[in-house]
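J.: Please read through the structure below; I'll follow up with questions.
The values are calculated or read from the model by the stated rules, or taken from the named source; none is laboratory data. All of these numbers come straight from a predicted model, not from anything done at the bench. We place every Cβ from the backbone using ideal geometry, glycine too, and count neighbours over all the protein chains shown. Surface accessibility is based on the protein's heavy atoms, side chains included, excluding ligands, DNA and RNA. Shrake-Rupley method; radii C 1.70, N 1.55, O 1.52, S 1.80 Å.
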Amino acid sequence: NIKTELDGIMFDSRKEANYYATLKVREKAGEINDLILQPRFLLQEAFDKNGQHYRKLEYVADFQYTEAGRTIVVDTKGKRTDVYKLKRKLFEKRYPDLTIKEV
């Protein structure tokens, strides 16, 4: 992945930057609204056990927006890592009304 800057924002890949450009055009045209970059979703709260502290676990998507009254969560993927697969599974369980759209 090649880090790419667009509109003063540094994206992790050219693919992600290009998708952002597409979303901005769609937002300007009124097709989508409420565009959010890097939205965070709590998957598990922090907790303590046996004297050890475990930090909260979050999934950070690339984009979130509203289209026709529905919330769309987007992840631009080049490769599905094992960590991503696990976080997606936890996300699907915790947020039954949302689905990750992979592009």
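J.: Mind checking the dipole of the chain: about its Cα centre, +1 per Lys or Arg Cβ, -1 per Asp or Glu Cβ, Debye to the nearest 20? List each step's numbers first, then the result.
T.: Working: 21 positive and 17 negative charges, 89 e Å.
With only Lys, Arg, Asp and Glu charged at Cβ, the dipole is about 420 debye.
J.: For the chain, with every protein chain kept in place, what is the accessible area per residue (1.4 Å probe, Å²)?
T.: Values: 7220 Å² over 103 residues.
The answer is 70 Å² per residue.
J.: So if each residue of separation counts as 0.36 nm, and I subtract the Cα-Cα distance between N18 and E92, what length gain in nm does that give? Don't skip to the answer; put the middle values down first.
T.: Values: separation 74, 0.36 × 74 = 26.64 nm, distance 2.61 nm.
Working it through step by step, the gained length comes to 24.0 nm.
J.: State the label only: which of (i) 13, 44, 37, 5; (ii) 13, 30, 19, 13, 12, 9, 5, 1; (iii) 14, 41, 31, 11, 3, 0 corresponds to P(r) over Cα pairs in 10 Å bins from 0, in percent computed from the shown model?
T.: Calculated P(r) over Cα pairs in 10 Å bins from 0, in percent: the matching label is (iii).
J.: First select every other residue whose beta carbon is under 14 angstrom from the beta carbon of K3; then total the charges, Lys and Arg +1, Asp and Glu -1. Working shown, then result.
T.: On the way: positive: R14, K15; negative: E5, D12, E16, D62.
Around K3, the surrounding residues sum to -2.
J.: Between segment 1-55 and segment 70-88, what is the separation of their alpha carbon centroids in Å?
T.: 11 Å
J.: Sticking with this structure for a sec: Between the helical axis of 14-28 and the dominant principal axis of the chain, each derived from Cα atoms, what acute angle in degrees is found, rounded to the nearest 10?
T.: On a 0 to 90 degree scale, this one is about 60.
J.: Calculate the FRET efficiency for M10 and K79 from the Cβ-Cβ distance with a Förster distance of 22 Å, rounded to the nearest 0.05. Numbers along the way, then the final one.
T.: Details: r = 20 Å, r/R0 = 0.92.
In this case the efficiency is close to 0.65.
J.: Take the solvent-accessible surface of the protein heavy atoms, probe 1.4 Å, and return the percent of it on the chain that carbon and sulfur atoms account for. Before the final figure, lay out each step's value.
T.: Values: 3480 of 7220 Å².
Its accessible area is 48 percent carbon and sulfur atoms.
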